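Here is the structure we will look at, set down as structure tokens.
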Amino acid sequence: MSDEVVHLVVADRIATITLDSESNRNALSIALMGQLEEKLQAALSDDEARLIVLTNTGTVFCSGADLKELASPGAGAGGAGPGRLVSILKTILASPKPVIARVAGPARAGGLGLVAACDISVAVDSATFAFSEVRIGVIPAIISVVVLPKLGRTRGMELFLTGDTFDAIEAARSGLINAAVPAGELDEAVGRFAESILKGAPGALAGSKRLVREVPAMETEEAFDFTGRISAEYFASEEAREGMAAFAQKRAPRWAGPA
């Protein structure tokens, strides 16, 4: 399709979603956000896919909001509002299938929200990042929900207020991404993460995502009640029985069902 700006390919248990709108530097246009949401739902519904990789074509991962589109007449209609980005970020966060960001270029503003929402993010070491919102008179409101848990208050305050550009090495040191690697090693690094993740049980991967997202916000007693309950559920699961049997028999586990 000539008007397709987000592609989905499923192979080897991995659903790869690619942002492909070079004309606007993969900005979060109405078309791109709508197609990204559709491709995410398709990947989640595909039983062949146990892992999702979000990446880009061109030199930029995602430049943030499509400012030209927002400045055009009638920009408030047709899905250009914040609700679509909220839905995308929620979908990534709630995905039972792990999501890896393969960041093959710079990200700005809302583009960094996509990166931060993913469970694991690997970027080329030449990539740069910035929360540039304040420099055009707006704030990184929606993406703060996924960014601040990774950056923390001190670093988040600095980067939100200054709008300064920082590189992938600094992003990794700050916890915003997991790794910064040379361009020639990007696929290898993503592949290592994917290979390790795919060894895990689908249900256990989904449960582990839930722990990381939810437990830090709980009070101590609530956290122990919650984790004690779900720990018992997982130890009594079919996956646990298969995993422990495979361990005892010194073989690879045979996981059943979609991730």
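Since every read-out is calculated from the coordinates, none of them should be taken as a lab result. Computed from a prediction, not measured in an experiment: that's the story for all the values here. Every residue, glycine as well, gets a Cβ built from its backbone with ideal geometry; the counts of neighbours run over all protein chains shown.
Which of the peptides 115-122, 31-38 is most tightly packed, and how do the rest follow, going by the mean number of other Cβ atoms within 10 Å of each residue?
For the peptides 115-122, 31-38, the packing ranking is 115-122, 31-38.
Restricting to lysine pairs 8 or more places apart or on different chains, what number in the chain have Cα atoms under 18 Å apart? So the count works out to 9. The GNM of the chain, with springs linking C-alpha atoms under 10 angstrom apart, assigns the highest mean-square fluctuation among K150, K199, K39 to K199.
If you run the Gaussian network model on the chain, springs between alpha carbon atoms under 10 Å, then out of S29, S126, S231 the most flexible one is S231.
The 3J(HN,Hα) values that the Karplus relation (6.51, -1.76, 1.60; θ = phi - 60°) gives for region 6-12 are, in residue order, 9, 10, 10, 10, 10, 7, 6 Hz. Gly and Pro appear as x.
Given the peptides 139-145, 46-52, arrange them by the average over their residues of other C-beta atoms within 10 Å, most packed first.
So the peptides 139-145, 46-52, ranked by packing, come out 46-52, 139-145.
Kirkwood radius and radius of gyration were both taken over the C-alpha atoms of the chain, and their ratio Rg/Rh is 0.99.
Given the C-alpha centroids of region 158-190 and region 1-74, what is the distance between them in whole angstrom? For region 158-190 versus region 1-74, the Cα centre distance is 21 Å.
Label separation (I142 vs V10): 2.7 nm, computed from points 7 Å beyond Cα along the C-beta direction. Classified by the C-alpha gyration tensor, region 202-248 has a prolate form. Its axis ratio a/c, with a ≥ b ≥ c, is 1.5 or above, and a/b is larger than b/c.
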